[in-house]
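Here the structure is laid out as structure tokens; the discussion comes afterwards.
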């Protein structure tokens, strides 16, 4: 670092505004701590799982909201709870298994036992041992020492939670533009859990959050998309942010004839393979599943990307692990009433995404390459001008960085940068 | 000391071990055209998280049903995918034959894959177990089913080459 390098506490957003992104935001540790507090632990609704993952009374599983370990449970009456995975006694994790079924949750450390709603049921040696011995104070009230329960919303099979009492109602938080698409996937048809592909990426969480709202790269880096007409720069695309700019949805209308068209934009796409043929075409031959014919992704800030690529439906659960490392957990699902063909298509088309996906392994590779660069040139500045320096609204083209600018308008405001 | 007579001949064990070593060598050398040749036409090849596998869930991180999809995977890696060059080294141990009939050998083995990237120390990319069904095709052994079940909760960054 040169002697002129800006000290972390004096770092300012570039004067040009959101058409510039300063590189230090991808590695600054104090900024990361503030993000975890303000966003993941703050006034936000976080995706924590699908109802189909905890199908029966007594089912539970562990996950994270940002850095904080939580438990998602279904109690004896079928009601869903999200609890801090933390014993009210000494702070040991109550649950050590990734998932399972239980009548009650017993902390292994001192055997304090809770029901699946987190209510304290018993304290070992409550009255002391051997008797007579004081044990716990006479006025110790188990009602005041449960596991902390988070506000929880279950909507269409997806489970959301917030640490804050001040978070606005879920519908209002997501906003009508994005809620329409969340409800489109989680539409009340019982979900069928298909499986998991999780990856750990050596990059800041915002690099991934930007990547998923950047259709400009999708037509260039992901040659597979363009080659088989799944998504192209000339596709009819629309991207729109929520009113508060933190969420967004990007979709296009699937064109089943696109792969047969001449690639008019091939001059701009350096590595396109027009002679590439697939032996099994089902992977690029989706069945139209939703009446509106649209495909795409949406982001519910700060922890979820919801993907509908052809017939693969997946939640990409974003879990930051450190300023320079992010877990991306792909949870694939379909619907209980899927027929055999659709079940097969979902499995086959699963090859498109995830850690080994034809249109997503490129992403984890590029973000891995990017992190050491942005981290070691913290005072460098990125240019985000495609589709206009100030444009942050609806865009009708994939060749746009409007949703990145929209996000950083929100981010700057919230972080006071 | 008495040793029980094995149902599986030493010769068959040797042949299965050779198959595993040849397969690993082909993948490590990035000879993907050769890799395709290790599968029967109706083969199912999956790289699947232990988490999904133990829950009996069907989604696999790599899912190939039939030789066409196996060819496509090789083709995509050779012609389309954008990734940092890497050197992989498979270590296969504990080869076991569960059963062997005239039609099919059911076998398993542990795998450990070390990944070396430019300008970085080698790291453990993946560890897990193969669960295989092996058949004979014109005298050579090949896979009719190959499940590579990885133990770790998360894939390290990206899974590019087949396991």
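From the list B:112, B:88, B:55, the one residue that fits, being more than 22 Å from residue A:225 (Cα to Cα) and facing chain A (nearest Cβ under 9 Å), is B:55. Candidates B:69, B:76: the one that is facing chain A (nearest Cβ under 7 Å), out of contact with any strand residue (DSSP E or B) (no Cβ under 7 Å at 6 or more places or on another chain) and modelled with pLDDT of 95 or more is B:69.
State whether one or more residues within segment A:132-146 are modelled with pLDDT under 95, away from chain B (no Cβ under 14 Å) and under 23 Å from the mean Cα position of the chain (by Cα). No, segment A:132-146 has no match at all. Here residue A:183 passes the criteria (1) more than 30 Å from residue B:149 (Cα to Cα); (2) within 14 Å of chain B (Cβ to nearest Cβ) except the one numbered (2).
The residues of segment A:28-49 that are surrounded by 20 or more Cβ atoms within 10 Å (Cβ to Cβ), outside any helix (DSSP H, G or I), on the phi < 0 side of the Ramachandran plot and out of contact with any helix residue (DSSP H, G or I) (no Cβ under 7 Å at 6 or more places or on another chain), listed by number, are A:44, A:47, A:48.
Please return the ranges of strands (runs of 3 or more DSSP E) entirely within segment A:306-383 where 1 or more residues are within 13 Å of chain B (Cβ to nearest Cβ). Walk me through how you get there before you give the answer.
Values: elements: A:312-322, A:325-335, A:381-383.
Per the criteria, A:312-322, A:325-335.
Criterion applied to A:192, A:198 was being in contact with a helix residue (DSSP H, G or I) (Cβ under 9 Å, 6 or more places away or on another chain), buried (at least 16 other Cβ atoms within 10 Å of the Cβ), closer than 17 Å to residue A:303 by Cα and within 14 Å of chain B (Cβ to nearest Cβ), and the one residue passing it is A:198. Going through (1) surrounded by fewer than 23 Cβ atoms within 10 Å (Cβ to Cβ); (2) within 11 Å of another protein chain (Cβ to nearest Cβ); (3) in contact with a helix residue (DSSP H, G or I) (Cβ under 8 Å, 6 or more places away or on another chain) one by one, residue A:283 falls short only on (1).
The values are calculated or read from the model by the stated rules, or taken from the named source; none is laboratory data. Bear in mind that the values here come from a model prediction, so they are computed numbers and not experimental data. As a convention, Cβ positions derive from the backbone with ideal geometry for all residues, glycine included, and neighbour counts pool all protein chains shown.
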